[in-house]
Amino acid sequence: MDPMIRKLRFRLLAWLRRSRSGPILFVKKFSYKDVKRATDGFHRIVYSNSHGAAYKARFEGGEVALVKEARAFNEGEESFYREVQFLGRLHHRHLLALRGFSTGNKRLLVFDNIENGSLKEHFNDPLKTPLNWKARLQIAVGVAAALEYLLLFSNPPVYHVSINSSNIMLDENFTAKLTDVGLLSSIGTYVQMPHSSCSEECMGQECGNIVFQLGVLILELITGQSSEQGGTDLIQWVQGSRLSSSIHMMIDPDLGNNYDSKELKELLVVARLCLKSKNNPKFPVRQVFRFLQKKVHIP
């Protein structure tokens, strides 16, 4: 397609989107060559999943960013631009902000800086500073707050959310940032829901799966074990009858004794509630967030 026609088409799509959903932000188009150079030829892989790989990018000016492939949009240019514009409108303290996009051999999304890398790196890399108890609590509450925003305050609500230690990034202040969100389902189609927004009583399978993922993340924060296969080992532990006698053996050794035992028990309660939601959703995201916020005493 002629570059000028492509540019005009993108502007038209943006105008149509704005006319339906109110003001949107136009995002920057990055040179594909610059992005490739910044990611060392797409070799600085941070994580990879069914939607594509994510890379750490360092641009010539020293800026650090997260660059994600958008494999699900390989067949549809219009759907890719629709996703770009939608992600550009999402704004929350615990979501990694979209800075721009790039097209070439790959379709790419360029997000904000990831100064302190991923949560998984802090679990697995001995050179990384171990996260203290307060930081872990703040991460749990922050992720829950982002989920509330995505499901209750985004229009349309975001049901494609992947939560694990690999795709939660930490900024310069160790503030948690969700990175893997969007309008697409796991098979690359747009999720169609009966309502334009999700109510507080949302109990659908999509919501249940998201709450379940939050429960697994909480267990990762407690144990320091990253789990990429659905957290089976961690789930069996927290659901076991001998949980109370094994807690001290499962806590991340990096924490030592520097944690609040009451807060730990409350966090485990929240995790167990979340894990019950996968196949039979019982608790809406807002309820989990408020309960978590109250129990661990993080504003």
Extended-chain gain in nm, criterion 0.36 nm per residue less alpha-carbon gap, Asn105 and Lys33: 24.9 nm
Solvent-accessible area of Arg44 with every protein chain in place, 1.4 Å probe, in Å² to the nearest 10: 100 Å²
In order through segment 86-99: 3J(HN,Hα) via Karplus (6.51 cos²θ - 1.76 cosθ + 1.60), integer Hz, x for Gly, Pro: 5, 5, x, 8, 7, 9, 7, 4, 10, 10, 6, 6, 6, 9
Positive minus negative residues near His51 (Lys, Arg vs Asp, Glu; Cβ under 13 Å): +1
With DNA, RNA and ligands ignored, accessible area of Ser226 (1.4 Å probe; Å², nearest 10): 40 Å²
Accessible-area ranking of His160, His91, largest first, probe 1.4 Å: His91, His160
Accessible-area value, Lys276, 1.4 Å probe, nucleic acids and ligands omitted, Å²: 110 Å²
Two-site label geometry, Asp254 and His91: point separation in nm, points 7 Å out along Cα→Cβ: 3.3 nm
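The values are calculated or read from the model by the stated rules, or taken from the named source; none is laboratory data. Just so it is clear, the structure is predicted and the values come from calculations on it, not from any experiment. Neighbour counts are summed over all protein chains in view; Cβ atoms, including those assigned to glycine, are modelled from backbone coordinates with ideal geometry. The area values use the complete protein model at the heavy-atom level, side chains included, leaving out ligands, DNA and RNA. Shrake-Rupley method; radii C 1.70, N 1.55, O 1.52, S 1.80 Å.
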